[in-house]
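Written below as structure tokens is the structure these notes are about.
The values are calculated or read from the model by the stated rules, or taken from the named source; none is laboratory data. These numbers come from a predicted model, not from an experiment. With ideal geometry, Cβ positions are generated from the backbone for all residues, glycine too; neighbour counts draw on all protein chains shown. Only protein heavy atoms, including side chains, enter the accessible area calculation; ligands, DNA and RNA are left aside. Shrake-Rupley method; radii C 1.70, N 1.55, O 1.52, S 1.80 Å.
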Amino acid sequence: MVKVFGCRPSPVHSAHVGEEREIHYRWHPYFERKVTVRQVQQRATGQFLRVDGPSGTIISIPGWMVDPLICAEMRIGAPQVDLAALSDLKRLVTPTSVPTHSPGENGIAREEVDETAQRACSDRGQ
């Protein structure tokens, strides 16, 4: 049994270090890609693997993401909408989406150019 003291994770056996594993969690960016295990850690929330990702970066993933049996049972249910949350969102967003200028204005102010500036611009063009 591995004990975790404080916030520091305790290392677990190193049997899987150097082993190539496939990520089976279908919603992970590296889904169906092989990663090399660099370190196995046991934390209070479960086992985590530090792996070399396909892009060469080292990332930490939960150990269950490489378990094909656990990941095969994961499904997304029917979409659910909370009408109260949508009403709150509408209330928050609606006042900010009302334009503060008239429909004929695009919110861009034109700079007034005096004679000196016009002369300077025309001199540069020659």
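Could you tally the net charge around Y25, taking each other residue with its Cβ under 13 Å from the Cβ of Y25, Lys/Arg +1 and Asp/Glu -1?
0
What ³J(HN,Hα) values, in whole Hz, does the Karplus curve 6.51 cos²θ - 1.76 cosθ + 1.60 give for the stretch 83-89 when θ = phi - 60°, with x put for Gly and Pro?
Going residue by residue, I get 4, 5, 5, 5, 5, 4, 4 Hz, with x marking Gly and Pro.
Need one value: the accessible area of M65 in square angstrom, 1.4 angstrom probe, rounded to the nearest 10.
Surface open to solvent at M65 totals about 20 Å².
Name the residues whose placed amide hydrogens come within less than 5 Å of the amide hydrogen of Q47, ignoring near sequence neighbours (fewer than 5 apart) on the same chain.
Hits under the 5 Å cutoff: G63.
Can you list the residues, at least 5 places off or on another chain, whose amide H is less than 5 Å from the amide H of R38, using H built in the peptide plane?
G18, R50, V51, D52
Can you sort F31, F48 by solvent-accessible area, 1.4 Å probe, largest first? Intermediate results must be reported in sequence, preceding the final value.
Details: F31 75, F48 35 Å².
Per-residue accessible area, sorted high to low, gives F31, F48.
Based on the Cβ-Cβ distance from D82 to I59, what FRET efficiency comes out when R0 is 35 Å, to the nearest 0.05?
0.60
For R91, R33, what's the largest-to-smallest order of accessible area, 1.4 Å probe? Numbers along the way, then the final one.
Details: R91 150, R33 115 Å².
Largest accessible area first, the list is R91, R33.
Using the charge dipole of the stretch 19-73 (Lys, Arg: +1 at Cβ; Asp, Glu: -1 at Cβ; taken about the Cα centre), state which of A72, Y25, V37 has its Cα farthest towards the positive end.
Checking the options against the dipole of the stretch 19-73, the answer is V37.
Got a sec to turn the phi values of the stretch 20-37 into Karplus ³J(HN,Hα) couplings, 6.51 cos²θ - 1.76 cosθ + 1.60 with θ = phi - 60°, whole Hz, x for Gly and Pro?
8, 10, 9, 7, 9, 6, 5, 9, 8, x, 9, 3, 6, 9, 8, 10, 9, 6
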